[in-house]
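Student: The structure that follows is given in the form of structure tokens.
The values are calculated or read from the model by the stated rules, or taken from the named source; none is laboratory data. All values reported here derive from a predicted model rather than from experimental measurement. Ideal geometry is used to build each Cβ from the backbone, glycine not excepted, and the neighbour counts take in all protein chains shown.
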Amino acid sequence: MLAALLTCCAASADSVYQSRDDFLREVFGAPPPPQVLWVDSSVQGALKAALGHPYGQARVRYWRKDGKTAWILDELGKEYPITAAFVLGKGAIDSARVLVYRETRGMEVRYPSFLRQYSGARLQNGRLDRPIDGISGATLSVQAMDRMARAALVLDGHAP
Amino acid sequence: MNPDKHTRRRIGVVLHRWHRRLGVAAGLFLLWLAGSGIVLNHSAQLGLDRSTVSAQWITQLYGLHAAIPERGFLAARHWLVGNEVQTVLDGRPLETVLPGALGLVASGDLLFAANASTLALFDAQGRLVESLRDTDLPIAAIRRIGQGCDAVVIANEQDHRFASRDGLTWAPCADAAVWSTSVALPVAMQMRATTLLRPRLPTERVLLDAHSGHILGRYGPFLVDTAGVLFILIALSGLWMFLRHHSRRGHP
């Protein structure tokens, strides 16, 4: 039984679709040095509303250049975190990308046809200002992407 | 009375009596199986896939026993102790688990704890500042962590060393380093860590095994199978009595 338990929990296979450095090079050309946003109580409150749970770290790194910011976030899908990147400009999402997917089901969230829905999205009363169509069989991954999109918009709004 | 009729009536009475007895015996089983099945169907929403159970009588059913930790890492009066499923800093369990921890180093207000795949930065209260994976670091797999070049140094298997004070920017470091190594735990810390490092199991897994009977070992599933056979017998006897009653009313 223990063996089965260990087998179940070690079953994550990381699918790396793009490395962080490649993503930053694609967005910025020569990537700027990372900056840090400290998660104080006001940021934490807004993040908790966006994510539905407290943000687990005291600081978030981001990259800023030419009026754009890039955020790389992790959020639990069902059992494993999804690593996604968001580029923001003028208070809206420019583009979204899945960098690493670790779940066994639901990797369709990486498809451009799904991710394009986030382009132009803003926060309106703590929610995205547009509906995001779900994907059958990837409900939890879609929900995780929605949470990260909201969190990226919150973070961008608090970034100095 | 016709002996045939008498026999049929007698069978009916006996069947009815046993139907009720089986119903009582199977009722509790049915409640448990139905209840646990409903809960398992919604385990993700209920957070059972993320919560854990550490009750000793349950973990012992899985053959898991608490081990007394003997060694830990010490940096600036902070102790890091851990096993494969739990990491404890200064007697407080951390949300970030570092199985196979390699060391603990202090730099300014930050504590750097590493295993092969993760470098975790904590403040003095044990709050996670940032968790860095290999994609955030200049080396793919950390082999050692220590102090050198007036900063925290990490090195890989090939002894390529990089130093950082804040975990944000890293620079190559050619200086000699003092590597973090495990030391014997003081008794007080050992006792505290023993309680905190008790074996844990995912609640969903325990509930699933209780639902299927596997939690009771090799013969547990047979017990649940027996309950299943009871349900079948109750269903068949109930159906038989219903049809018999129905046919009687239809043909007096």
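Student: Scan segment B:36-48 residue by residue and report those that are within 12 Å of chain A (Cβ to nearest Cβ) and farther than 17 Å from residue B:212 by Cα.
Tutor: B:44, B:45, B:47
Student: Ok, one more. When you look at residue B:229, is it modelled with pLDDT of 85 or more and part of a strand (DSSP E or B), yes or no?
Tutor: On the way: modelled with pLDDT of 85 or more: yes; part of a strand (DSSP E or B): no.
Answer is no for this residue.
Student: How many residues, within segment A:32-43, are surrounded by 14 or more Cβ atoms within 10 Å (Cβ to Cβ) and closer than 22 Å to residue A:81 by Cβ? Give the steps one after another, and end with the answer.
Tutor: First pass over segment A:32-43, keeping only residues surrounded by 14 or more Cβ atoms within 10 Å (Cβ to Cβ): A:32, A:34-37, A:39, A:43.
Narrowing the set further to residues that are closer than 22 Å to residue A:81 by Cβ leaves A:34, A:36-37, A:39, A:43.
Qualifying residue count for the region: 5.
Student: Would you pick out the residues in segment B:168-207 that are buried (at least 20 other Cβ atoms within 10 Å of the Cβ), under 31 Å from the mean Cα position of the chain (by Cα) and more than 30 Å from residue B:49 (Cα to Cα)?
Tutor: B:180, B:185
Student: I'd like to verify a number: residues in segment A:71-122 that are in a strand (DSSP E or B), aliphatic (A, V, I, L, M) and more than 14 Å from chain B (Cβ to nearest Cβ), how many?
Tutor: Restricting attention to segment A:71-122, the residues satisfying the condition of being in a strand (DSSP E or B) are A:71-76, A:81-89, A:92-101.
Filter once more, keeping what is aliphatic (A, V, I, L, M): A:72-73, A:76, A:82, A:84-85, A:87-88, A:92-93, A:96, A:98-100.
Filter again for more than 14 Å from chain B (Cβ to nearest Cβ), leaving A:87-88, A:92-93, A:96.
Of the residues in that region, 5 qualify.
Student: Of the conditions (1) more than 26 Å from residue B:64 (Cβ to Cβ); (2) at pLDDT 85 or above; (3) assigned to a helix (DSSP H, G or I), residue B:237 fails just one. Which one is it?
Tutor: (2)
Student: Can you tell me which residue among A:47, A:37, A:24 is within 29 Å of residue A:140 (Cβ to Cβ) and outside any helix (DSSP H, G or I)? Steps first, answer last, please.
Tutor: Working: A:47 fails: outside any helix (DSSP H, G or I); A:24 fails: outside any helix (DSSP H, G or I).
Answer to the check: A:37.
Student: Hey, can you tell me all the residues within segment B:138-175 that are of a type in the set (A, V, I, L, M, F, W, C) and at pLDDT below 90? So that I can check it myself, show each step before the final result.
Tutor: Here is the first cut: in segment B:138-175, the residues of a type in the set (A, V, I, L, M, F, W, C) are B:139-142, B:145, B:149, B:151-155, B:162-163, B:168, B:170-171, B:173-174.
Result: B:140, B:168.
Student: Residue check, residue B:13 against (1) within 21 Å of the chain's Cα centre (by Cα); (2) loosely packed, with under 14 Cβ neighbours inside 10 Å; (3) among the aliphatic types (A, V, I, L, M); (4) farther than 24 Å from residue B:211 by Cα, all met but one. Which one?
Tutor: Unmet condition: (1).
Student: Scan segment A:120-157 residue by residue and report those that are in contact with a strand residue (DSSP E or B) (Cβ under 6 Å, 6 or more places away or on another chain) and surrounded by fewer than 22 Cβ atoms within 10 Å (Cβ to Cβ).
Tutor: The answer is A:120, A:122, A:147.
Student: Also, quick follow-up: Can you tell me which residue within segment B:106-122, out of those that are of a type in the set (Ser, Thr, Tyr) and either within 22 Å of the chain's Cα centre (by Cα) or assigned to a loop (DSSP other than H, G, I, E, B) (or both), is nearest to residue A:39 (Cα to Cα)? Can you show your working first?
Tutor: Just the residues of segment B:106-122 that are of a type in the set (Ser, Thr, Tyr), to begin with: B:107, B:117-118.
Filter again for either within 22 Å of the chain's Cα centre (by Cα) or assigned to a loop (DSSP other than H, G, I, E, B) (or both), leaving B:117-118.
Working: B:117: 24, B:118: 21 Å.
Ranking the candidates gives B:118 first.
Student: If you don't mind, there's one more thing I want to ask. Determine, yes or no, whether residue B:27 is away from every other protein chain (no Cβ under 14 Å), more than 30 Å from residue A:79 (Cα to Cα) and not aromatic (Phe, Trp, Tyr). Explain how you work it out, then say what you get.
Tutor: Details: away from every other protein chain (no Cβ under 14 Å): yes; more than 30 Å from residue A:79 (Cα to Cα): yes; not aromatic (Phe, Trp, Tyr): yes.
When the stated conditions are applied, residue B:27 passes them.
Student: Scan segment B:44-66 for residues that are buried (at least 16 other Cβ atoms within 10 Å of the Cβ) and closer than 26 Å to residue B:226 by Cα and jot them down.
Tutor: Correct list: B:58, B:59, B:61, B:62.
Student: Is it the case, given these coordinates, that residue B:128 is surrounded by 14 or more Cβ atoms within 10 Å (Cβ to Cβ), under 30 Å from residue B:68 (Cα atoms) and more than 12 Å from chain A (Cβ to nearest Cβ)? Spell out the reasoning first.
Tutor: Numbers: surrounded by 14 or more Cβ atoms within 10 Å (Cβ to Cβ): yes; under 30 Å from residue B:68 (Cα atoms): yes; more than 12 Å from chain A (Cβ to nearest Cβ): no.
When the stated conditions are applied, residue B:128 does not pass them.
Student: Which numbered condition trips up residue B:210, out of (1) in the same structural domain as residue B:20 (by TED's automatic domain parsing); (2) among the small types (Gly, Ala, Ser); (3) on the phi > 0 side of the Ramachandran plot?
Tutor: In the conditions (1) in the same structural domain as residue B:20 (by TED's automatic domain parsing); (2) among the small types (Gly, Ala, Ser); (3) on the phi > 0 side of the Ramachandran plot, residue B:210 misses (3) alone.
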